[in-house]
Amino acid sequence: MEIAFKTQIPGGGFLIEERLPEEVFTPEDFTEQHRLIAETAEQFMRNEVLPRWEQIERQEPGLTPRLLRQAGELGLLSIDIPERYGGTEMDKVSSTIVVERFAQYASFLASHGAHSVIGTLPIVFFGNEEQKKKYLPRLATGELIAAYCLSEAEAGSDALSIRTRAVLSPDGKHYLLNGEKMWITNAGFADLFIVFAKVDGEKFSCFIVEKGFPGVATGAEEKKLGIKGSSTRTVILEDARVPAENLLGEVGRGHVVAFNILNVGRFRLAAGCIGGAKQALQHAAGYANQRRAFGKTIAQFGLIQEKLAEMATRIYAGECMIYRTAGLIDPLLAEAIPDSPAYGEQVRKAIEEYAVECSIDKVYCSEILDYVADECVQIYGGYGYHQDYPAERAYRDARINRIFEGTSEINRLLITGMLLKRAASGRLGLRAAIEGLFQGSPASGRSTEARSMEERSTEERNTEAASLLGTEKHLVAAVKKTALLVAGVAYQKFADSLADQQEITAAISDIVMEVFAMESALLRAGKMAARSGVQSSPQPIPDSGPQTVDDKTAHVLAMTRLFLHSRMDWVEQRARTVLAGAITGDALRRQLATLQQVTRREAVDTIALRRQIAARIIQKGKYAAG
């Protein structure tokens, strides 16, 4: 059954279409309910979890399950569960907010996510009525704790190569499962496992497996670099007897469950990374404000201010991305009808629509967290390397996110691959946009044509300079044009074998990710400026920031300008990598000249911008745009 949605914003469309500020969701759009759920999650973390982090880190028996049940009592496990099954059935923005707050302690966030996202959502989205009635009310309260079992010793990123087998008994009443699942979060105390196995060794399928079923066991706790407070074990299945009615979905359709839940997991992981980065920045700013050297606080040093400003600016970009994505997903999921026999298919279509954005968020935000955690250690200096200070734990805990939910490398391949598949199927007008670019005409949809400052008339330049963030709007258009340019050149050279050129595919994905990040930051800034009553300024915006808007909006505008201008060098570098890997000689020289023309821009005083941004971070002692 083909499902159609009313959405006018196609997944991946950001690459070839312009969006307006009012079309994106931002943290400034939070409702009173959103703010209430944020306060509830914040208070729970501060009152119940953070005071016990050392006991959690030592995996004190029963502590994390008890805290999860307490979270369940507050409705913090059931946001994605329909009311009819005991949930609170809130939107994806609400669950994103909870993940951000829970990220103040990564180990607890890992336990919460394994339960409420990848452990529970398979039943919410793909379970039948009997399965939902049986399990969801108890998952909503934390009476049952869930885990997700996909990875194996020989099957990590290549999930479809799993070896766990399922064989239906002669009487058809149960399946016998045999195999081992590795790196399973919550395995030490989970009551319920979402397990993937191949029926008869061939048909990739999904099962709901209870801990108490005969033949189910777990190994010892793994000794990990980070997130030490979360339970991670091997799940061992030896002739595990699973009732036939616990098949989740259809035989041979387990990939539908696995990959769509991973898409949601990637998006949620990105939100957790931004929450963790905010926490690390707060620690770094607090330490910089109180640590003295050479007769003054280190926050007064230019190089420390540079670090704080860059940390905050990257966090801002990631925050814009995750809430933009939440705002895209929510309307589509709202169209899915829980009582409909086609509900699972509707959900699948809704999640798949923004799979590209989810992969982008996961890669980009996990790398933001790594950067912020590393700089946090550097600001602490020697103390950052000591276990008694929070920077050390933040640094260790951050590293897993580039591996979780598909490695950054796999997701980089997926981003370009999914875009090309959508183009081939006609779902995305990518080919028309590339052809229009090479023919010198505007791309399809809203124009993304970006001309260099030299190409535009003096009158145009003066008009745009007087417009709020006018120069930055052209930077976004230039990066879109760059993405189309390199994708077109690479596809002309390699055609359908482009996927085999992993270095080139990853470099294209890097530019595509910058498009989404830069545009998300720009759209939020424009939306905030419009709400402040400042849609344009009679004079060019000075590098020190606009003086005609409130402090928060001025701060956001400065971060937007800094982010867009500073990322252009990276975009050019990745574009050169693609062009040099695909063509040579005169053709290469011509395309490099085109690239230079497209990305030409005037210099901006990024030192002044960073000082301006850092001043607010130092004053507030934390991330100051949320």
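Restrict the check to region 575-595 and report whether at least one residue is of a type in the set (D, E, K, R) and either buried (at least 22 other Cβ atoms within 10 Å of the Cβ) or not in a helix (DSSP H, G or I) (or both).
Our first condition is that a residue be of a type in the set (D, E, K, R); within region 575-595, this holds for 576, 586, 589-590.
Going one step further and asking which of them are either buried (at least 22 other Cβ atoms within 10 Å of the Cβ) or not in a helix (DSSP H, G or I) (or both), we end up with none.
Among the residues of region 575-595, not one is of a type in the set (D, E, K, R) and either buried (at least 22 other Cβ atoms within 10 Å of the Cβ) or not in a helix (DSSP H, G or I) (or both), which makes the answer no.
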Single unsatisfied condition, residue 267 versus (1) surrounded by fewer than 24 Cβ atoms within 10 Å (Cβ to Cβ); (2) not assigned by TED's automatic domain parsing to the domain that holds residue 193: (1)
Count of region 490-512 residues which are at pLDDT 95 or above, exposed (fewer than 14 other Cβ atoms within 10 Å of the Cβ) and among the charged types (D, E, K, R): 2
Hey, could you check region 322-363 for residues that are in contact with a Lys or Arg (Cβ under 9 Å, 6 or more places away or on another chain) and among the polar types (S, T, N, Q) and say which is surrounded by the most Cβ atoms within 10 Å (Cβ to Cβ)? 359
For region 82-94, does any single residue satisfy the condition of being part of a helix (DSSP H, G or I), within 21 Å of the chain's Cα centre (by Cα) and modelled with pLDDT of 95 or more? yes
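Per-residue answers, yes or no, for (1) among the polar types (S, T, N, Q); (2) part of a helix (DSSP H, G or I); (3) modelled with pLDDT under 95:
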| residue | (1), (2), (3) |
| --- | --- |
| 40 | yes, yes, no |
| 43 | yes, yes, no |
| 70 | yes, yes, no |
| 99 | no, yes, no |
| 104 | yes, no, no |
| 123 | no, yes, no |
| 130 | no, yes, no |
| 136 | no, yes, no |
I need a count of the residues in region 153-184 that are closer than 12 Å to residue 196 by Cβ and part of a loop (DSSP other than H, G, I, E, B). 3
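Can you tell me which residue among 409, 405, 392 is touching a residue at least 12 places away in the same chain (Cβ under 8 Å), buried (at least 23 other Cβ atoms within 10 Å of the Cβ) and among the charged types (D, E, K, R)?
Values: 409 fails: buried (at least 23 other Cβ atoms within 10 Å of the Cβ); 392 fails: buried (at least 23 other Cβ atoms within 10 Å of the Cβ).
Of 409, 405, 392, the one residue that is touching a residue at least 12 places away in the same chain (Cβ under 8 Å), buried (at least 23 other Cβ atoms within 10 Å of the Cβ) and among the charged types (D, E, K, R) is 405.
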Looking at (1) in a strand (DSSP E or B); (2) touching a Pro at 6+ places or on another chain (Cβ under 9 Å); (3) under 18 Å from residue 146 (Cα atoms), which is the only condition residue 257 fails? (1)
Could you list, in sequence order, all residues of region 337-366 that are outside any helix (DSSP H, G or I), of a type outside the set (Val, Ile, Thr) and over 26 Å from residue 272 (Cα atoms)? 338, 339, 340, 341, 342
Tell me, which residue of region 596-614 that is in contact (Cβ under 8 Å) with a residue 24 or more places away in the chain and of a type in the set (Gly, Ala, Ser) is surrounded by the most Cβ atoms within 10 Å (Cβ to Cβ)? 614
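The values are calculated or read from the model by the stated rules, or taken from the named source; none is laboratory data. Everything numeric here is computed off the predicted structure, so don't read it as measured data. We place every Cβ from the backbone using ideal geometry, glycine too, and count neighbours over all the protein chains shown.
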